[in-house]
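The values are calculated or read from the model by the stated rules, or taken from the named source; none is laboratory data. All figures in this text were calculated on a predicted structure; none of them were measured in a lab. Every residue, glycine as well, gets a Cβ built from its backbone with ideal geometry; the counts of neighbours run over all protein chains shown. Just so you know, the surface numbers come from the protein's heavy atoms only, side chains and all, with ligands and any DNA or RNA stripped out. Shrake-Rupley method; radii C 1.70, N 1.55, O 1.52, S 1.80 Å.
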Amino acid sequence: MSTKKIRKHSSLAKLYKGPHHPIDESFAELRLIRAACEGDEEAAVSLFREKKLFGGAPCAIDTPYGRFEGLDGVCEFVRTWLSTFHASHGEVIPVIQTRANGRSVTELQVDFTVNGEIEQIPMFVVGDLRTQDTLDEVRIYCHNSFVPGIQAYRKPLFESAHLEMGDPGLLTGAVREYYEALHHVPAVDVDRILACMGDDCLFAGYGPYNPDDKIVQTQEELRKTFEFMAEYIPRCVGMRYETIIDDGRTCVIEWVHIVSRAGQEERARIALSGISAYERGEDGLLCSIRICDYAGWERTIDWTKTPVTKEEAQSINFVEEFPAGVGRKAQS
């Protein structure tokens, strides 16, 4: 165990790592991050082919700080990995893995050594599988507060087919109940949300960086969190899920925002990409909710340092207002 001082703490491994979350070291997305920390370009390249299996597009690694395409891009990703975080070394700590629906996810923590101190950074690493052992694309998510020099803006990674909230019928059990109560009633139904959570449900893991390492977990704290959300959901912002990776225990959802005019004018909200994991306990209720996005940080963005203008960002997934139908409870 390292004796170095921890300058930035993460709660991910502390809360969730253990035998109840077994780790398969063969998962390709985990092998990619290990190769990046070791500076092993050959090992990283071996996980990809120049072109994706279908469509002719180059393989890709999409990160909060840039996109790397083709095998040359994979090499560049590895070469710049440590320097991006101003680190001299990185130790990978895999915590939770989910594999289903042709995708594989490793939730992990990287302990970067920066100027002789440790900075713990939690990440979702999502792999689109080419085969069981190779990848077509990888998408990495972590909060912008952990990455030196980047803004709280990440252009949506998916081009939405239509500007409507995700259909709860694509989800099951407690995850469906949670989304219906949060996004598909006339207003957020806090009691219904809390009823689909176990007594010890944890709502934590991905930041933003908090020197006090605060963990929201009590029912009272969770109620306050969702009562705050009720002030603007679903009137100001909606969720459209673009991938669902559900192995029956954990459901990982990659999503993008849909934003109304009220959301822009009252909350400065813009469409961003994000990811969430919802873990079911033995009783079928949610025992953990883990969310990684930049929501609430939009006012910190310096638009002179982003790849798109503020106006362009505001035009993505924008609707004047949500249709009345989004407020109706989904059919059971």
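Yes/no matrix, rows are residues, columns are (1) in contact with a Leu (Cβ under 9 Å, 6 or more places away or on another chain); (2) over 24 Å from Tyr16 (Cβ atoms):
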site	(1), (2)
Asp191	no, yes
Cys201	yes, no
Glu221	no, no
Lys224	no, no
Glu265	no, yes
Ser276	no, no
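Scanning the range 97-113 for residues that are open to solvent by less than 10 Å² (accessible area, probe 1.4 Å) and either of a type in the set (Gly, Ala, Ser) or out of contact with any Ser or Thr (no Cβ under 7 Å at 6 or more places or on another chain) (or both) yields Ser104, Thr106, Glu107, Leu108, Val110, Phe112.
Residues in the range 138-155 that are within 19 Å of the chain's Cα centre (by Cα) and open to solvent by 20 Å² or more (accessible area, probe 1.4 Å) were compared, and the one that is farthest from Leu71 (Cα to Cα) is Ser145. What are the residues in the range 82-96 that are open to solvent by 40 Å² or more (accessible area, probe 1.4 Å) and not small (Gly, Ala, Ser), if any? Matches in the range 82-96: His86, His89, Glu91. Flag: Ala313 does not match the condition of being touching a helix residue (DSSP H, G or I) at 6+ places or on another chain (Cβ under 7 Å), farther than 20 Å from Ala181 by Cα, in contact (Cβ under 8 Å) with a residue 12 or more places away in the chain and small (Gly, Ala, Ser).
Picking from residues in the range 267-285 that are part of a loop (DSSP other than H, G, I, E, B) and small (Gly, Ala, Ser), the one that is surrounded by the fewest Cβ atoms within 10 Å (Cβ to Cβ) is Gly284.
Scanning the range 119-137 for residues that are among the β-branched types (Val, Ile, Thr) and open to solvent by less than 10 Å² (accessible area, probe 1.4 Å), which turns out farthest from Tyr206 (Cα to Cα)?
Going through the qualifying residues, I end up with Val126.
Screening Glu50, Glu25, Glu42 for residues that are in contact with a Leu (Cβ under 8 Å, 6 or more places away or on another chain), more than 24 Å from Lys155 (Cα to Cα) and open to solvent by 50 Å² or more (accessible area, probe 1.4 Å) leaves exactly one candidate, Glu50.
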